[in-house]
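To keep things clear, I will list the structure first and then write my remarks on it.
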Amino acid sequence: DNPKFPELNKAMDELCEKYGITKTGLAIAWIQRHPAKIQSVLGTTNVDRVTQVADAMKIEISRQDWYAIYLAAGNTLP
């Protein structure tokens, strides 16, 4: 929800609704889908946040949606 990234906020809002998860969950799902096989480290003991992350493990975002987030964040493709 950073006002510096309105396109990213909009893309994430749409995808959160599509997948039925929070932005925290969507961010973790995005990381888990990364081709480099990045491992997420939570660093929290907040039960709500751990639940949101667990919800992310129940979905796999599509490649199209993964790139939608990537591009909305201001990145470009080669």
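Read the figures in this text as sums done on the coordinates, not as results from a lab. What you see is a predicted model, and the numbers here were worked out from it, not measured in a lab. FYI the Cβ positions are ideal-geometry reconstructions off the backbone, even for glycines, and counts take in every protein chain you see.
Details
- Ignoring lysines fewer than eight residues from K23 along the same chain, the ones with Cα atoms less than 17 angstrom from its Cα are K4, K10, K58.
- Per-residue ellipticity at 222 nm from helix content only, as computed over the chain with -39500 (n - 2.57) for each DSSP H run of at least four residues, stands at -17500 deg cm²/dmol.
- Partners for K18 among aspartates and glutamates (Cα-Cα distance below 19 Å; same-chain residues under 8 apart left out): D1, E7, D55, E60, D65
- DSSP-assigned coil residues among GluC sites (Glu not before Pro) in the stretch 1-44, each with at most 15 further Cβ atoms within 10 Å: none
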